[in-house]
Structure formats: C-alpha cells, structure tokens
Amino acid sequence: MNKLINKRVAIVSWIGTGNYGTSLQSYALHEKLKQLGYQVCILREVKCKLWILHIIKSCLKILRKIFLVKKKNSAPKRYSHKLQRFNREKYNVFRLYSFFDYQYLLRHISVFITGSDQVWNTMHHYDPFYFLSFAGKCKRIAYAPSIGTTQVNQTFQDAVKNHLLKYQHIGVREQSAVQILSELTDRNDIAQVVDPTFLLDAKDWRSLAEDAEVELQLPQRYILCYLIGNNDNYLSQLETVKDKLGINNVVIIPSLENSSFTMNGAIIYSNAGPKEFVFLIDKAAYICMDSFHATALSINLCKDFIEFKRFKDNEQCSQNSRIYDLLQHYGLMNRMYDLGNSDLYTSIEYEEIDKEVKHERENCIAYLRNSIEC
C-alpha cells in the first residue's frame, strides 16, 4: 500500500462564505493534497456562540418556509445554493465542537497545516486557532498564510512569535512577510511559497469550470470586472479602460464587500459561485480587478488584466503589499492602473511568465510534500 495513503493531514484555513478568492485558495490546497495521495480534511472550529447562532438561524429558516411566501429564483438564493453545494462537494470538513473533538484529532492526524489567505493578519484579527495553538506535539506546517499588511500587530507580537517557533516548516505567501516574520522569530528558514491557487495548473482550473452553471448569454468579447474596494474613481477608470480597449461589453461580478457596484450598460451577474467565477475569468477578453486571487488566477490562466488600486499606500491597514509582491514577482507592475502605463492596453507576453509559474509550482509541491514527510 502507498505510504502516503495512510498519512492524515488537517488544514486550518478560511473556507469562504462569499469571497471567491477565499473559497478557491482553500479548495486548491485541499485538492492538491488529495492529488498527492493524502487523506485530508479541513477544520472548522464551531464556537459555542456560533453554534447557538447556527441553531437559531436554522429554526428561523424553517419558520420562514412555513409562514412566508419566498421569492422564487432570487439571485441571493441561487448564489448561496452554488456556494453551499461547492463547499459540500469539494471539502472534507471536520467540525470541532468540543474538547473531545480536539483530542480525537491529536490521536488521528499526522500533520497540521495552516493554509493560505490572510489568516495571520493580526492588524485585522488575531485567532490562535490559525496558529495551530491546539496541535500539541503534532507536526505543524505553514503553507502560504499571509499577514496581509506590512507589520504584525504589536499587541500580539509575543504570542505570534511563540506560536511560530513551534512550527517545523514555515512557507509564507509574500516575500515581505519572510523578512517580517524572520526578524520577529529569529528564524532563518522561513521561505516564500506560491499561493495555493498556483499549485493547480490551468488544466485543473478549466476542469473545475466545466461544471459552471452560467444563466446568461455571454458576449463574445467582454471585460470582466471584480472589485472588492469601494473607491470613487473605479467607475471613471473602468470607462477609460473600455474606451482604450474598444470593448463595449462589461460583465460585473459584485463582490461580497462591494455588492452595489454597477455601471450603465453593464451585465450584472450576481449568481456566480466559485466555479462560475473561474469560468468567467477564463472566458473574458480582459479582467479589471483589485483582488489578489482574481489576479493570481488571471496569471495562472494567462489572461490580460488591469489592476486597480484598492487602498492608499499610506493607510495603516493597506493590503496593497500583497498585490505588489505578486505583480513584482512576475514582472507585471506595469499592469497597475494608477501608474499611467500605456502597457495596460497591450497583451501580456506570458511565455516566460508561464515557464516561471510551472517551475515554482513544481518546487512548491516538492516543498509541501517534503515538509509533510520529513
């Protein structure tokens, strides 16, 4: 029997309740570990208050079905259904309700992995769970978590340092985080690894998108717009992009954070689940976004894109650094809108970039496997 099949791996990461990037990064790590032959689950900590809230919401849903006439085929319902189905189908979820669930884990899991996204962003929120505080003497690995900003919140620096010193292997998503966490912990073995979405190749992503259920007739050529920020200049920037590219059709996927963004004449598609999100990126002529994961997927799928700036660089909680790290890494800083580059409206030469992506994918898969096995 394959040695790997017996090794059980548990991931802590955000699964996502509406942010597409969050869903797709956790899916990618979960899927790659399965492809490598591991038994994998993703952990969900169900705190008492959340469990009570879940019960109340479930009861209210039942009452609503009994006493109210629901609107049929509403957009939120379809979107929610797609996301819930994606989560059911694509994850092996282990929910942690009690002390006994944690004890069970420590007896049966070989390796715990902190996955990606901004789970280590202490300027936004600090949760010891995502630093594997419960893992006892089990092996701890970090694969591509992000601190999101350019600093660790001073209030939590000692706690974060103590957590990180217990990890056998740490690979973070941004180069800037390598330096910050190395200085914090006095470790010299912290590495940079690619976002989990790069662990899957374009063929994997297109295979996922084959099952997409898009309920509209897409134009032959369109600009896909996905904006998380709510900046006053986004609309004028998008109008400029339309004029420069000579593409009149715009498809907008409203983000969870900026659900009301619209534009005259645009197609607003509110029903996209994670599969539809990948599908619409892959079929677009151009993508305009301010999202890290939409950018990562666009690079992986060799798409032309323009990056809008979500934050001002001098904002304390600016998350621009992670976008800058990604673009600089692949020599694509000229895709930032606010730099005024004429290159924005020319196709990206992906031949060398794609070679680099494939090379890094191989190296990071080897890092992931070696970290688990060694």
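The values are calculated or read from the model by the stated rules, or taken from the named source; none is laboratory data. Here the structure is a predicted model, which is why all the values come from computation and not from measurement. A quick note on method: Cβ atoms are made from the backbone with ideal geometry, for glycine too, and the neighbour counts reach across all protein chains shown. Calculation scope for accessible area: heavy atoms of the full protein, side chains included, ligands and nucleic acids excluded. Shrake-Rupley method; radii C 1.70, N 1.55, O 1.52, S 1.80 Å.
Summed over the range 95-114, the residues that are part of a strand (DSSP E or B) and closer than 20 Å to I372 by Cα give a count of 4. Q157 - would you say it is touching a residue at least 12 places away in the same chain (Cβ under 8 Å) and under 18 Å from G115 (Cα atoms)? So Q157 fails the test.
The residue that is farthest from S291 (Cα to Cα), among those in the range 237-270 that are hydroxyl-bearing (S, T, Y) and open to solvent by less than 70 Å² (accessible area, probe 1.4 Å), is T240.
Of all residues in the range 184-208 being acidic (D, E) and touching a His at 6+ places or on another chain (Cβ under 9 Å), which is least open to solvent (accessible area, probe 1.4 Å)?
Filtering the range 184-208 for residues acidic (D, E) gives 186, 189, 195, 201, 204.
After this cut, where a residue has to be touching a His at 6+ places or on another chain (Cβ under 9 Å) as well, the list is 189, 195.
Values: D189: 78, D195: 4 Å².
Among residues in the range 184-208 that are acidic (D, E) and touching a His at 6+ places or on another chain (Cβ under 9 Å), the one least open to solvent (accessible area, probe 1.4 Å) is D195.
Here G136 passes the criteria (1) open to solvent by 40 Å² or more (accessible area, probe 1.4 Å); (2) on the phi < 0 side of the Ramachandran plot except the one numbered (2). Count of the range 275-312 residues, restricted to those that are more than 16 Å from Y330 (Cα to Cα), modelled with pLDDT under 95 and out of contact with any Cys (no Cβ under 8 Å at 6 or more places or on another chain), is 5.
For the range 263-311, residues that are β-branched (V, I, T), within 20 Å of I323 (Cβ to Cβ) and part of a strand (DSSP E or B) total 2. Taking residues in the range 257-271 that are within 16 Å of N233 (Cβ to Cβ), and partners anywhere that are of a type in the set (D, E), the pairs with Cβ atoms closer than 9 Å and at least 6 places apart or on different chains are M263/E239. Would you check if there is a residue in the range 115-131 being part of a helix (DSSP H, G or I) and free of Cβ contacts under 8 Å to residues at least 60 places away in the same chain? Yes, the conditions are met somewhere in the range 115-131.
Applying the criterion of being touching a helix residue (DSSP H, G or I) at 6+ places or on another chain (Cβ under 8 Å) and more than 17 Å from Q168 (Cα to Cα) to the residues of the range 95-115, the residue that is surrounded by the fewest Cβ atoms within 10 Å (Cβ to Cβ) is R95.
Can you tell me how many residues in the range 253-276 are aliphatic (A, V, I, L, M) and touching a Ser or Thr at 6+ places or on another chain (Cβ under 9 Å)? Spell out the reasoning first.
Applying the first criterion (aliphatic (A, V, I, L, M)) to the range 253-276 yields 253, 256, 263, 266-268, 272.
Adding the requirement that they be touching a Ser or Thr at 6+ places or on another chain (Cβ under 9 Å) leaves 253, 256, 268.
Going through the range 253-276 one residue at a time, the tally reaches 3.
Among the listed residues I15, I66, I62, I56, which satisfies the condition of being at negative phi, assigned to a loop (DSSP other than H, G, I, E, B), out of contact with any Gly (no Cβ under 7 Å at 6 or more places or on another chain) and modelled with pLDDT under 95? From the options I15, I66, I62, I56, the qualifying one is I15.
Inside the range 164-183, can you point out the residues that are open to solvent by 30 Å² or more (accessible area, probe 1.4 Å) and part of a helix (DSSP H, G or I)? Outline the logic, then answer.
Within the range 164-183, the subset open to solvent by 30 Å² or more (accessible area, probe 1.4 Å) is 165-166, 168-169, 175-176, 179-180, 183.
Of everything in the range 164-183, those that are open to solvent by 30 Å² or more (accessible area, probe 1.4 Å) and part of a helix (DSSP H, G or I) turn out to be Q175, S176, Q179, I180, E183.
Pull out all pairs, ordered by first then second residue, where Cβ-Cβ is under 8 Å, the residues are six or more apart or on different chains, the first lies in the range 22-36 and is touching a residue at least 40 places away in the same chain (Cβ under 8 Å) and more than 16 Å from A209 (Cα to Cα), and the second is open to solvent by 10 Å² or more (accessible area, probe 1.4 Å) and among the polar types (S, T, N, Q). What qualifies is H30/N92.
Report, ordered by the first and then the second residue, all pairs with beta carbons closer than 8 Å, sequence separation of six or more or different chains, a first member in the range 170-190 that is more than 19 Å from Y324 (Cβ to Cβ), and a second member that is among the hydroxyl-bearing types (S, T, Y) and open to solvent by less than 40 Å² (accessible area, probe 1.4 Å). If the second residue must be among the hydroxyl-bearing types (S, T, Y) and open to solvent by less than 40 Å² (accessible area, probe 1.4 Å), the pairs left are G171/Y143; G171/S371; N188/S182; I190/S182.
On the basis of being under 24 Å from A284 (Cα atoms) and in a helix (DSSP H, G or I), does D204 make the cut? Before the answer, list the steps.
On the way: under 24 Å from A284 (Cα atoms): yes; in a helix (DSSP H, G or I): yes.
Yes: the conditions hold for D204.
Could you grab me the full set of residues in the range 336-363 that are assigned to a helix (DSSP H, G or I), at pLDDT 95 or above and not hydrophobic (A, V, I, L, M, F, W, C)?
Of all residues in the range 336-363, those assigned to a helix (DSSP H, G or I) come to 337-339, 342-345, 351-363.
Retained after the next criterion (residues that are at pLDDT 95 or above): 351-363.
Within the range 336-363, E351, E352, D354, K355, E356, K358, H359, E360, R361, E362, N363 qualify.
Considering (1) modelled with pLDDT of 95 or more; (2) open to solvent by less than 20 Å² (accessible area, probe 1.4 Å), the lone condition that I323 does not fulfil carries the number (1). Scanning the range 116-133 for residues that are surrounded by fewer than 23 Cβ atoms within 10 Å (Cβ to Cβ), closer than 18 Å to R44 by Cα and among the polar types (S, T, N, Q) yields Q118, S133.
Count of the range 191-221 residues, restricted to those that are in contact (Cβ under 8 Å) with a residue 40 or more places away in the chain and touching a Lys or Arg at 6+ places or on another chain (Cβ under 8 Å), is 15.
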